[in-house]
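A.B. asks: My questions all concern the structure below.
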Amino acid sequence: MSQLLQVLLSGLATGSIYALVAIGFTLVWQAAQTVNFAQGEFVMLPAFFVLVAMGYFGLPFLPALLVGLVLSVLVLGVLFKKLIAEPILPHGGITLIIATMALGIFLKESVKEFYSAEAQPFPSMFPNDPIDIFGAVVSLQDLFNLAISLGVVVLLTLFLNRTRTGRCMQATAQNPAVAEILGVDVKRMILYTFLINAALAALASFLITPVYLAKFSNGETLGLIAFIAAIVGGFNQIRGALVGGLLIGVLDNLTATYVTAQYRAALPLVLLIVIIMLRPQGLMGTSEGRSV
């Protein structure tokens, strides 16, 4: 029983980070009706911002984290929206999807070329000391990761549902034309969405990189799992992205512990196929009609 609890808590901790990345997929989809296939690289890059701030400019870890967060919001939020999404989006969603694929390759190869192709250690914000919970030995780092990730999701949900800006962002996501008629600054709301996505990606990077190390290839795995989590939970629902991320994290740990770790990488794909066959809109998603 204690081992099961340990596996569940560890899986929830990892799954909550997947959920942060998956929510980014959902936010960009709601804002621009497109999929950002560079989302995994958006999670990979902030860790290298921090490493550069520490290694080349001699900043302590906490100020380097702040620099990494600010740079992430500027580069992955403002510049991504202004230089890539905004000019390309009028030409169609498929064009932007291809552009994000190219951006992901560019970011990955740039880090590999200009920083290092080797995995780099990344400091943790929290101690990794073990703690006993009803006989289960869980690291403090996992508990903090779980608490922070869930706390951020709750705060984001409250912001979207309880504030005027959040409701304007939701109105823009549902129908930009009607929102603009009602006086909503649609362009500003879309910019806010991209900024929030960049901040979530940076937070996910700071939480998960101490476990997986800083590698230029991290984005491939994280992006794929988070994309599947968003689809499994429901691509048009933030709560769906949360459910999908937690579910994949827990199932991954259960499979590795009680079945085999050999095929754990295939689990998200199997889950994706099952969900698409049984409930195409996702566990928490809603069907969206489209005229043809």
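All of the numbers you see were taken from the coordinates with simple rules; none came from a lab. Bear in mind the structure is a predicted one, so any value in this text is a computation, not a measurement. Every residue, glycine as well, gets a Cβ built from its backbone with ideal geometry; the counts of neighbours run over all protein chains shown.
A.B. asks: Between ALA147 and ILE133, what is the spin-label point distance in nm, taking each point 7 Å from the Cα along the Cα→C-beta axis?
C.D. replies: 1.0 nm
A.B. asks: Ranking request for peptides 128-141, 37-50: highest mean number of other beta-carbon atoms within 10 Å first, then the rest in descending order.
C.D. replies: With the highest mean Cβ count within 10 Å placed first, the list reads 37-50, 128-141.
A.B. asks: Could you tell me the relative contact order of region 2-278? Use alpha-carbon pairs under 8 Å, at least six residues apart, and round to a whole percent.
C.D. replies: After rounding, I find 39 percent.
A.B. asks: Which peptide among 259-271, 240-252 comes first, and what is the full order, when sorted by highest mean count of other Cβ atoms within 10 Å?
C.D. replies: Final packing ranking: 240-252, 259-271.
A.B. asks: Further, regarding this structure: For a quick check: sort LEU27, LEU278, LEU158, LEU143 by the number of other beta carbons within 10 angstrom, fewest at the front.
C.D. replies: LEU278, LEU158, LEU143, LEU27
A.B. asks: Now, a different point. At VAL154 and GLU118, where each label point lies 7 Å from the Cα along Cα→Cβ, what is the point-to-point distance in nanometres?
C.D. replies: The two pseudo-label positions are separated by 4.3 nm.
A.B. asks: Further, regarding this structure: Rounded to the nearest Å, what's the spacing between the alpha carbon centres of region 14-93 and region 216-292? Just the number, please.
C.D. replies: A separation of 21 Å, based on Cα centres.
A.B. asks: Right, next: With θ set to phi - 60° and the Karplus curve 6.51 cos²θ - 1.76 cosθ + 1.60, what are the ³J(HN,Hα) couplings of region 247-259 in order, to the nearest whole Hz, using x for Gly and Pro?
C.D. replies: Taking θ as phi minus 60°, the curve returns 4, 5, x, 5, 4, 4, 5, 5, 5, 5, 7, 9, 10 Hz for region 247-259.
A.B. asks: A follow-up question, please. Taking the Cα centre of region 2-278 as the origin and placing charges on Cβ (Lys, Arg +1; Asp, Glu -1), which of ALA171, PHE61, VAL243 is farthest toward the positive end of the dipole?
C.D. replies: ALA171
A.B. asks: Once phi is turned into θ = phi - 60°, what whole-Hz ³J(HN,Hα) does the Karplus curve with 6.51, -1.76 and 1.60 give for every residue of region 160-170, x standing for Gly and Pro?
C.D. replies: 5, 9, 10, 10, 5, 4, x, 5, 5, 5, 5
A.B. asks: Take LYS187, project a point 7 Å from its Cα along the Cβ direction, then tell me which residues of region 82-121 have their backbone nitrogen under 12 Å from it.
C.D. replies: 82, 86-87
A.B. asks: Enter the mean projected area of the convex hull around the alpha-carbon atoms of region 155-261, in nm², rounded to one decimal.
C.D. replies: Mean projected area for region 155-261: 8.2 nm², to one decimal.
A.B. asks: For ALA214, enumerate residues with amide H under 5 Å from its amide H, sequence gap 5+ or separate chain, H modeled in the peptide plane.
C.D. replies: GLN120, PHE122
A.B. asks: Same structure again: Based on the Kirkwood radius over alpha-carbon pairs, what value in µm²/s does the Stokes-Einstein equation return for the translational diffusion coefficient of the chain at 20 °C and 1.002 mPa s?
C.D. replies: 109 µm²/s
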